[in-house]
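Please read the structure below before turning to the comments.
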Amino acid sequence: QGEVENLVQAVGFDRCTILRPAVLLCKRQESRPMEWVAQQFLRVVARVFPVAYSVPVETVARAMVASVLQPGKGKVEVLENGAIHELGKA
C-alpha cells in the first residue's frame, strides 16, 4: 500500500474505493515526448492485451462512477487495472 492510500483510509470514511490504474491513455496539453512514445506503443499492445499495461481515462472515469453507484465490498476496496477495466465496461 502507498502512503496516500494509508492516509485516505485513516480519514475514516464509511466506504472508500482506491483505484490503481496502469498507464493512462489520454491526450495531454503539455508536451512529454517519451510519455507520448510509450502511449503509442501501449495502444498497440492494448489491442492484444487490453488490460495488461494501460487503461483509457474514459474507462477509469466510468469505473469511478460505477463504484459510487454500486454496493461496496467492504470498508476499503482497492481496484487494480483489470478490475477497473471490468467495472468501466458497466
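Nothing in this text is a laboratory measurement; each read-out follows from the coordinates by a stated rule. Quick caveat, the model's predicted, so the values are computed rather than measured. Cβ placement follows ideal geometry from the backbone for every residue including glycine, while neighbour counts extend to all protein chains displayed.
Calculated FRET efficiency, V78 and V48, Cβ-Cβ r, R0 30 Å, to nearest 0.05? Spell out each step's value before the answer.
Working: r = 26 Å, r/R0 = 0.87.
Computed FRET efficiency for V78 and V48 comes out at 0.70.
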Straight-distance crosslink candidates among aspartates and glutamates, where the alpha carbon sits under 18 Å from K27 and sequence neighbours closer than 8 are dropped: E35, E58
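Which GluC sites (Glu not before Pro) in the chain sit in a loop by DSSP (not H, G, I, E or B) and have at most 13 other Cβ atoms within 10 Å of their own Cβ? Walk me through the numbers on the way to the answer.
Working: sites: E3, E5, E30, E35, E58, E77, E80, E86; in loops: E30.
Qualifying residues, ordered by number: E30.
Please identify every one of the chymotrypsin sites (Phe, Trp or Tyr not before Pro) in the chain that sits in a loop by DSSP and has no more than 11 other beta carbons within 10 Å of its own beta carbon. The partial results should precede the final answer.
Numbers: sites: F13, W36, F41, Y53; in loops: F13, Y53.
Those satisfying the criteria are F13.
Per residue, how big is the convex hull of the chain when only Cα atoms are used? Give it in Å³.
Working: hull volume 10.5 nm³, N = 90.
Taking the convex hull of the Cα positions in the chain, it is 116 Å³ per residue.
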